[in-house]
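As structure tokens, the structure follows; a few thoughts come after it.
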Amino acid sequence: MASALSDLPPINDDRILVGTNTADDAGVIRIAPDRALVNTVDLLAPVVDDPYTYGRIAAVNSLSDIYAMGGTPLTAMNVIGFPADLDIKVMGEILHGAQDEVVKAGAVMLGGHTFQDAEIRFGLALTGEISPDRIVTNSGGRPGDVIILTKPLGTGTVIQAMMTRGVIPEELYRSVTESMTTSNRDASELMLKYGADACTDVTGFGFIGHCWEMADAGKVGINVRVGNLPVFPKVLDLIRDGVIDAGVNMNKNSFENGVIFDDDVAPEFSTLLYASETSGGLLIAVSGDRSSELVAELRDRGLEAAVVGEITSENPGKIRVCR
């Protein structure tokens with residue numbers, strides 16, 4: 001993607017507050033001195049068999065980009081690729097699930113676009129509102145900040161296990177599905193309350209990819225402590241048993257030059273951290289003296305939040321993964 005974007009002429013417009021230069025979660029454009037719009041679009045392949053649940057997950061995944069910037073969703077439009085030979089009722093259930101989540105977010109579903117495709121692809125194009133002086137980007141982290149993750153890791157591994165093995169423990173399925181349908185709205189509100197310096201959400205590029213974008217954009221180093229990472233039960237066992245998410249190799253090829261693994265880090269953590277995540281949590285950089293309060297309030301809201309690392313002036317633009 002970086003190679004493709006490098007061939008495009010730069011867009012110089014004073015209204016742009018967040019553009020493509022830092023690979024942030026959404027773009028932001030000022031429309032008045034005290035008002036800006038935040039815009040994003042995302043598509044997601046099916047990750048569960050139930051179409052209504054898939055629609056919910058895809059919507060929550062898309063809405064997360066607005067929340068990661070500190071914005072409030074205003075409007076949504078469906079974008080769906082759908083096979084011509086598939087029962088149209090399936091599409092209706094997908095759209096129903098997404099609309100329920102959009103309404104829950106306080107936004108309005110305005111319509112959308114449908115195109116014929118060999119496989120289902122669904123997501124949302126979203127517009128939100130944001131105050132120009134409260135935008136949280138991925139580039140604002142400072143040495144001394146700690147890194148907080150608000151949801152467990154492992155959705156990509158579990159989805160891969162469902163695809164290749166067909167059956168996973170029911171309790172694990174429920175836990176992962178509940179997480180993927182849990183909005184990042186509360187986490188966004190709380191990061192603003194505690195003055196977060198930077199934020200991104202953890203999705204297709206995996207924990208490593210999105211963490212590296214935060215380090216690269218901010219020209220800082222990030223130490224990640226695997227012993228503190230929230231991980232879904234049995235996920236590390238699945239990895240040890242050979243379940244490898246399809247995004248691991250892609251993300252490793254893209255980001256491994258920016259990552260330093262300590263020798264005593266177990267190899268399964270490399271696979272976990274490079275694996276794609278679906279509708280993952282927010283990765284928040286906040287001052288160390290406010291982190292305990294923020295984690296406590298996140299947990300009070302039912303989120304499995306944890307301090308998973310810290311920002312340092314060492315190794316700028318790189319991640320060090322340690323125990």
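The values are calculated or read from the model by the stated rules, or taken from the named source; none is laboratory data. Bear in mind that the values here come from a model prediction, so they are computed numbers and not experimental data. Counting neighbours? That spans all protein chains shown, and the Cβs are built from the backbone with ideal geometry, glycine included.
In table form, for the structure just shown:
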quantity: Region 99-120: number of residues that are under 22 Å from the mean Cα position of the chain (by Cα) and in a loop (DSSP other than H, G, I, E, B); calculated: 4
quantity: Residue list for region 34-85, restricted to those being touching a strand residue (DSSP E or B) at 6+ places or on another chain (Cβ under 6 Å), surrounded by fewer than 20 Cβ atoms within 10 Å (Cβ to Cβ), farther than 21 Å from Leu282 by Cβ and of a type in the set (Val, Ile, Thr); calculated: Thr75, Val79
quantity: Unique match (being closer than 24 Å to Thr312 by Cβ and either touching a Pro at 6+ places or on another chain (Cβ under 6 Å) or of a type outside the set (Phe, Trp, Tyr) (or both)) among Gly123, Gly128, Gly112, Gly195; calculated: Gly195
quantity: Flag if Ala76 is in contact with a Leu (Cβ under 6 Å, 6 or more places away or on another chain) and either at pLDDT 95 or above or not assigned by TED's automatic domain parsing to the domain that holds Asp197 (or both); calculated: yes
quantity: Sole residue being surrounded by fewer than 15 Cβ atoms within 10 Å (Cβ to Cβ) and of a type in the set (Ser, Thr, Tyr), chosen from Ser292, Ser254; calculated: Ser292
quantity: Restricting region 245-268 to residues that are in a helix (DSSP H, G or I) and acidic (Asp, Glu), the residue that is nearest to Met214 (Cα to Cα); calculated: Glu256
quantity: Lone qualifier among Gly242, Gly204 - being closer than 20 Å to Thr155 by Cβ, assigned to a loop (DSSP other than H, G, I, E, B) and either without any contact (Cβ under 8 Å) to a residue 24 or more places away in the chain or aromatic (Phe, Trp, Tyr) (or both); calculated: Gly242
quantity: Residues of region 114-138 that turn out to be under 22 Å from Asp14 (Cα atoms) and either surrounded by fewer than 22 Cβ atoms within 10 Å (Cβ to Cβ) or at pLDDT below 95 (or both), as a count; calculated: 7
quantity: Region 11-29: number of residues that are within 22 Å of Leu63 (Cβ to Cβ) and of a type outside the set (A, V, I, L, M); calculated: 6
quantity: Region 144-182, residues that are surrounded by 18 or more Cβ atoms within 10 Å (Cβ to Cβ), of a type in the set (Gly, Ala, Ser) and outside any helix (DSSP H, G or I); calculated: Gly154
quantity: Counted residues, region 37-87 - those being of a type in the set (S, T, N, Q), farther than 16 Å from Val108 by Cα and more than 17 Å from the chain's Cα centre (by Cα); calculated: 1
quantity: Output for region 188-204, where each listed residue is in contact with a Leu (Cβ under 6 Å, 6 or more places away or on another chain) and within 28 Å of Val47 (Cα to Cα); calculated: Cys199, Thr200, Asp201, Val202
quantity: Index of the failed condition, Gly106 passing every other in (1) at negative phi; (2) without any contact (Cβ under 8 Å) to a residue 60 or more places away in the chain; calculated: (1)
quantity: Subset of region 295-320 (residues that are under 18 Å from Gly144 (Cβ atoms), surrounded by fewer than 24 Cβ atoms within 10 Å (Cβ to Cβ) and not aliphatic (A, V, I, L, M)); calculated: Glu310, Thr312, Ser313, Glu314, Asn315, Pro316, Gly317, Lys318, Arg320
quantity: Test result for Ile31, β-branched (Val, Ile, Thr), over 30 Å from Glu119 (Cβ atoms) and either part of a loop (DSSP other than H, G, I, E, B) or outside the structural domain of Leu283 (by TED's automatic domain parsing) (or both); calculated: yes
